[in-house]
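Where a number appears in this text, it was derived from the coordinates with a stated rule and is not lab data. Source: prediction; values computed, not measured. Here the Cβ is made from the backbone with ideal geometry for all residues, glycine too, and neighbour counts use every protein chain on show.
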Amino acid sequence: VNATKRSGARTSSETDAVILARVAGGDLAALGVLYDRYAPGLLRFAVRVAGAEEAEDVVQAAFLRVIRLAPAFDPHVASARPWLFAITARIVQERRRSLRRWRAALLGLAQQQQRPQARQLTDARADLTRGLARLSVAKRTVLILAEVEGFTCEELSAMLSIPVGTVWTRLHHARNELRRRFEEES
Amino acid sequence: MKAPRCARLWEVEAARDGRLDAAALAASQRHALRCAECARERDWLEGLTRGLRAGAPSQDEVALRRTRQATLERAAALAHSRAEEGLGARWALLALAAGTAIAIVVTAVALLWSQERAQHAALVVATPGIGAKWSRHSAGNLERIDLNDGALSVRVRRSPHDPRVVVRVPEGEIEDLGTVFKVTVRRGRTVELSVSQGVVVFRRPGQGDLRLSAGTLWTPVEEPRSAATPMAGAPPKVASAVPPPEPLRSGRARARAGKKPLAAGRAEPDEPAETRPAAEDATAEDGAYLQILALLREGRTDEARLAAVAYLKRFPTGFRRIEVERIADGAR
């Protein structure tokens, strides 16, 4: 393993597949390049799904897993983005137990915000945050990946290794739960 | 009362999720232009998307850099530990190879040792004749063979630290000193003992030890007949050493007599059988008597007394009967 390899300027034009091949060869500088490309989106996604406290650790875990999985990356696939989001989503799923604690903490905060004075300050974004916190991890993940990150249902099916019908169902239930939440709030 | 919902309301969400084909999508979009409920549904879904995207946390550059640093550090540590694991695996492989080599050497040594033990155990080979009744016993430093009847050939290859090998016969026991011999017992009596190689000691209570060397054939003395033997009345022979009390015909003796050495296990062929008992009796009587004297000289009074009793039993009309009776009675 050569942890001190320098990728140089060529990394900016290299495809994800080439970078991942270098990661597979033990080039940690290539991992840095991949991080710079995708970490912002992954961190944002992780914050929405797992909470800010857990998000950084989730992203770290995702990139460490990339080192192990890099040799298996299909070199014909143009972008590693869906693959990286899938890894991150899987890690979030694996940490469901700790995420429940985050959800409980968030809901406790939401209860406090329902006091009359605070309620006036509450806007739709806060309602949405509380609504998201009430969703299950699976539904929240699908909803964020579809609505925020823009993955299609077919892509989500492949990324999460679930049937596309399950993706549709989870999306539908997630929206309905949020709708009910908004109706109750209003 | 709520207004009835549009039956095609579901198409709005289906269109967003890509569940409709191109024709159905176009039809749904046309319907939504006319249907207020479907238009509201579309607006709500679009609003939800906008809200979710707007609610996304702002990019925290510090957090990103912090996470990057931590990720790369952890990755380097992981790579280092993997390299160490690889080194450890090589050492483990080396240790395994060394262990295997040691195991092979130990196994080989153990095999050789067990073979040696097996050879050691096979130092005594007893080959019984047809119908022989015998048994073999091992106890401590003694390998004992009891021969009750029949012929038994024994081959012994022993070194000084090996167990003693003793063949028990009705009259006593034969101790093997590392040799090949054959012993035959008939009707509770040893009738023949031939030594092919080495030396055996034939011990019979009250009759002293017989040391038989290679080429010797021993046969028992016939019971003395009531008639006086040719030797009766002759003066006792006094020898400085104890002569053999039994008819021994060793190869050396035969050589001195100008005869060929006797093949092991074969009886004397050229001596007339009818002349042998008397001569043998006299020699045996002399031997028995001299042995009694030898025991007395050595102060082994009890053994001398037993030997005297045996003498009287064996030679009831023996030439030295009176003197021996005294010894047996302890008068002397």
Subject >> For segment A:168-180, Karplus couplings with θ = phi - 60° (6.51, -1.76, 1.60), whole Hz, Gly/Pro x >> reply: 4, 4, 5, 5, 4, 5, 5, 5, 5, 5, 5, 4, 4
Subject >> FRET E, pair residue A:57, residue A:79, Förster distance 22 Å, beta-carbon r, rounded to 0.05 >> reply: 0.35
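Give the calculated FRET efficiency between residue B:317 and residue B:101 to the nearest 0.05, with a Förster radius of 60 Å applied to their Cβ-Cβ distance.
Efficiency, rounded to the nearest 0.05: 0.15.
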**OP:** Give me a single rounded figure for B:193-204: the average over its residues of other chain Cβ atoms within 10 Å of their Cβ.
**Re:** 0
**OP:** May I ask you to order B:215-221, B:70-76, B:31-37 by the average number of other C-beta atoms within 10 Å around their residues, highest value first?
**Re:** B:215-221, B:70-76, B:31-37
**OP:** Please list the non-local residues whose amide H lies under 5 Å from the amide H of residue B:151, H modeled 1.01 Å from N, same-chain partners needing a gap of 5 or more.
**Re:** B:129, B:132, B:185
Original post:
Counting partner chain Cβ atoms within 10 Å of every residue's Cβ in A:18-31, what's the average?
Top reply: 1
Original post:
Under the Karplus relation 6.51 cos²θ - 1.76 cosθ + 1.60, θ = phi - 60°, what is the ordered set of whole-Hz ³J(HN,Hα) values for segment B:288-296, x standing for Gly and Pro?
Top reply: 5, 5, 5, 5, 4, 5, 4, 5, 5
Subject >> Estimated FRET transfer efficiency when R0 is 41 angstrom, pair residue B:298-residue B:161 (beta carbons, to 0.05) >> reply: 0.85
Original post:
Which ordering of B:58, B:138 is given by a fewest-first count of other beta-carbon atoms within 10 Å?
Top reply: B:58, B:138
Original post:
Taking each residue of A:131-143 in turn, how many C-beta atoms of other protein chains fall within 10 Å of its C-beta, and what is the average?
Top reply: 1
Subject >> Relative exposure of A:19, B:104, judged by other C-beta atoms within 10 Å (fewest first) >> reply: B:104, A:19
**OP:** Quickly work out the residue B:37-to-residue B:137 label distance, labels modelled 7 Å from Cα along the C-beta direction, and quote it in nm with one decimal.
**Re:** 11.2
Original post:
Just how far, in whole angstrom, is segment B:1-52 from segment B:286-308 if you go by their alpha carbon centroids?
Top reply: 136
**OP:** Please turn the phi angles of segment B:21-33 into ³J(HN,Hα) values with the Karplus equation 6.51 cos²θ - 1.76 cosθ + 1.60 (θ = phi - 60°), one per residue in order, whole Hz, x for glycine and proline.
**Re:** 7, 4, 5, 5, 5, 5, 5, 5, 5, 5, 5, 5, 5
**OP:** Please arrange B:174, A:91 by counting, for each residue, the other beta carbons lying within 10 Å of its beta carbon, fewest first.
**Re:** A:91, B:174
**OP:** Search the structure for amide H atoms under 5 Å from the amide H of residue B:210, placed 1.01 Å from N in the peptide plane, and list their residues when 5 or more places away or on another chain.
**Re:** B:202, B:203, B:204
